[in-house]
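Below you'll find the structure, written out as structure tokens, and then a few comments.
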Amino acid sequence: MPEAYDLIVIGSGPGGYVCAIRAAQLGLKVAVVEKRATHGGTCLNVGCIPSKALLHASHALEEAGHGFAAMGIDAEPRLDLARMLAFKDEGVKGNVDGVAYLLKKNKIEAIHGKATVLGAGRVGVTFPNGDIQRLECRSIVIATGSDVARLPGLDIDEQVIVSSTGALSLPKVPKRLLVIGAGVIGLELGSVWRRLGSEVLVVEFLDRILPGTDADVARTLQRLLMKQGMKFKLSSKVTAVARSPLGNKVAIEPASGDSDGDGMMADADVVLVAVGRVPYTEGLGLEATGVKLDNRRRILVDQHFQTDVPGIYAIGDVIAGPMLAHKAEDEGMAAAEIIAGKAGHVNYDVIPNVIYTAPEVATVGKSEEELKAAGVAYRVGKFPFTANGRAKVNRTTDGFVKILADADTDRILGVHIIADQASEMIAESCVIMEFGGSAEDLARTCHAHPTLTEAVKEAALAVDRRAIHM
Ligand code: FAD
Ligand code: NAI
């Protein structure tokens, strides 16, 4: 019997839907199986898109309240949380409907149900009404993403103890929000609720925020967030949350377990658990298939995204690498091309990473700590936004651009930006790094004036100690 599909993709997040579209473009007959009612995965439904909608709206509120007067605009903004949440939901709807449209446009069959991998070329689907169907195909791509990492003893009820999903829909502004984990989610959603009026305390296990991010940048961001009113308790862990109608008490102890250390009790109306995410393979039935997982329960794949079972591939958050939407998308594209007999590839050295706080942080390539650990000789070019004309008139002078270039070849090895609109500014650095460009190449590229990106050019000039405006 001929296979019904060339490719079945399980999960329609950024990895899955992009993979399906690329495969359809290449002439394959494709189906996507998604257990959620809407497409777009974590990112569009409960991740990137709703969090950025709330960051945008809460930033606008803060600007209207604290930034407008300096420009001669008097305003007295008033928060209507229900309408702000509706604004966020509308943004999500526009995006998930967009994915449904794209799947249809590309003649991809969108099946709503829970998929199980029965073996190479065989997928089972359980529909919401309990019906079961078996589908046949040549290739399977598992793109089932990730789920919230939990802490023992802290049961997430999405009301008092919440994950990022609950924190995107709190029905009222908590007076006190305690965030566990000073990673990306903790800082982004902590920023949202602080701007809306919460007192925010972030408890972090390590002695620094944002592990993995260039330490210079992380230190600067922490200082700026503290200036905005966010509080931090580093080298600490939450050991218990005692819930009571009179108020919840959170027990915080030194991370080292040292009983003589600086433990404390904190009051919190809501506790956000943001200690990472774990790959999601539950219910896929992989145990019976021969598809192997690593020690962190990520699906093991080779450089062509193929698992230990020929014809079964995996991409995105469910495999190793940064848990980022654009990484999942690029893997989806590459996997589709490989399955269609072409040469798909992802350059893991050039994957940007953005934290959408104010100011934003955007980085690509190696941090100073990574270069030191690898024994690479490098030069640093740094330029502050206090010396950038556009930032001065915009009153967004917090932050800097730091470029790390190979000391011998001048090739750019890392770019780290902390600034307003850093998320948009990082793109040129990605392109130049993709082409193996040097700081000299970037410094000799004409940048429009007045723009914030002139600071990127100046940082490139600063690598050779010849910045003009400093
Ligand atoms: P997912 O998006 O998780 O999609 C997997 C899909 O598979 C889901 O829809 C799920 O329902 C479905 N599925 C699972 N099992 C089955 C099954 N058995 N049968 C059928 N369907 C199944 N990344 C960024 O790059 N930028 C950001 O700004 C950003 N913000 C974030 C904010 C938050 C609050 C969170 C939680 C994450 C954020 N991320 C961000 C991370 C980003 O969401 C993920 O990296 C991305 O969604 C991973 O894509 P994916 O396709 O691998 O998986
Ligand atoms: P994270 O990995 O970014 O940060 C988790 C933090 O929690 C770390 O600082 C860690 O040291 C700390 N931690 C771990 N256990 C702890 C404990 N018991 N007590 C106190 N602190 C503890 O994870 P996060 O923020 O949950 O985000 C998950 C993923 O989602 C990230 O890996 C990121 O890739 C993705 N994401 C990306 C965004 C973006 O690109 N802008 C936005 C939000 C999420």
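Just so it is clear, none of the values below were taken in a lab; they were calculated from the coordinates. This is a predicted model, so every value here is computed, not measured. FYI the Cβ positions are ideal-geometry reconstructions off the backbone, even for glycines, and counts take in every protein chain you see.
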What residue among THR213, PHE435, GLY276 has its Cα farthest toward the positive end of the dipole of the chain, where the charges are +1 on Lys, Arg and -1 on Asp, Glu, each on the Cβ? GLY276
Could you work out [θ]222 nm for the chain from helices alone, using -39500 (n - 2.57) per DSSP H run of at least four and dividing by all its residues? Round to the nearest 500 deg cm²/dmol. -9000 deg cm²/dmol
Cα-Cα over 27 Å: which of LYS227/LYS457; LYS52/LYS172; LYS172/LYS227; LYS52/LYS402; LYS104/LYS172; LYS231/LYS372? LYS227/LYS457; LYS104/LYS172; LYS231/LYS372
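Calculate, for ARG465 and LEU206, the FRET efficiency according to 1/(1 + (r/R0)^6) with r their C-beta to C-beta distance and R0 30 Å; round to the nearest 0.05.
Details: r = 34 Å, r/R0 = 1.14.
That pair, ARG465 with LEU206, gives E of 0.30.
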Under 20 Å from the ASP408 label point (7 Å along Cα→beta-carbon), backbone N, segment 425-442: 436-441
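Let me check against my output: what whole-number percent is the relative contact order of segment 238-349, with C-alpha pairs under 8 Å and at least 6 apart?
Details: 133 pairs, mean separation 14.5, N = 112.
Dividing the mean separation by the residue count of segment 238-349 yields 13 percent.
Would you tally the net charge around GLY186, using a Cβ to Cβ cut-off of less than 14 Å, leaving GLY186 out, and scoring K and R as +1, D and E as -1?
On the way: positive: ARG194, ARG208, LYS231, LYS233, LYS237, ARG277; negative: GLU188, GLU204.
My count for the surroundings of GLY186 gives +4.
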Calculated over segment 1-58: convex hull of Cα atoms, volume per residue (Å³): 76 Å³
For VAL173, net neighbour charge (Lys/Arg +1, Asp/Glu -1) across residues whose Cβ lies under 12 Å away: +2
Tell me, what ³J(HN,Hα) does each residue in segment 132-140 have, in order and in whole Hz, if you take phi through Karplus 6.51 cos²θ - 1.76 cosθ + 1.60 with θ = phi - 60° and put x for Gly and Pro? 10, 9, 10, 10, 10, 7, 7, 10, 10
Looking at segment 214-267, what % of the alpha carbon pairs are farther apart than 13 Å? 68 percent
Working out 0.36 nm times the residue gap between LYS105 and HIS304, then minus their Cα-Cα distance, what length gain in nm do you get to one decimal? 68.9 nm
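What number, in percent, do you get for the relative contact order of the chain if the mean sequence gap of Cα pairs under 8 Å and at least 6 apart is divided by its residue count? Before the final figure, lay out the partial values.
Numbers: 1005 pairs, mean separation 67.2, N = 470.
Result for the chain is 14 percent.
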If one computes the Cα centroid of segment 71-126 and of segment 156-184, what distance in Å separates the two points? 21 Å
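With contacts defined as alpha carbon pairs under 8 Å and 6 or more residues apart, what's the relative contact order of segment 159-221 in percent? Before the final figure, lay out the partial values.
On the way: 63 pairs, mean separation 19.7, N = 63.
Taking the mean separation of contacting Cα pairs over the length of segment 159-221, I get 31 percent.
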What is the Cα coordinate range of the chain on the first, second and third principal axes, sorted by size from largest, in whole angstrom? 71, 63, 49
When VAL309, VAL250, VAL179, VAL9 are ordered from fewest to most other Cβ atoms inside 10 Å of their Cβ, what list results? VAL309, VAL250, VAL179, VAL9
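Report the Stokes-Einstein translational diffusion coefficient (µm² s⁻¹, integer) for segment 202-302, Rh taken as the Kirkwood radius over Cα pairs, at 25 °C with viscosity 0.890 mPa s.
Working: Rh = 16.9 Å.
Taking Rh from Cα pairs, D becomes 145 µm²/s.
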For ASN248, what residues show an amide H to amide H distance below 5 Å, using hydrogens built from the backbone and excluding near sequence neighbours? ALA268
For segment 317-470, what does the equivalent ellipsoid look like in terms of its semi-axes, each the square root of 5 times an eigenvalue of the Cα gyration tensor, given largest first in whole Å? 28, 18, 14
For the chain, cysteines with no other Cys Cβ under 4.7 Å from their own Cβ are listed as CYS19, CYS137, CYS430, CYS446
Taking H as built 1.01 Å from N, whose amide H comes closer than 5 Å to the amide H of GLY414, not counting residues under 5 places away? LYS366, LEU404
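Dividing the alpha-carbon Rg of segment 1-149 by 2.2 N^0.38 Å yields what?
On the way: Rg = 20.3 Å, N = 149, 2.2 N^0.38 = 14.7 Å.
That works out to 1.38 for segment 1-149.
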How far apart, in nm, are two points set 7 Å out from the Cα along the Cα-to-Cβ line at THR445 and at ASP131? 5.3 nm
For every other residue with a beta carbon closer than 11 angstrom to the beta carbon of ALA143, add +1 if it is Lys or Arg and -1 if Asp or Glu, then tell me the sum. -4
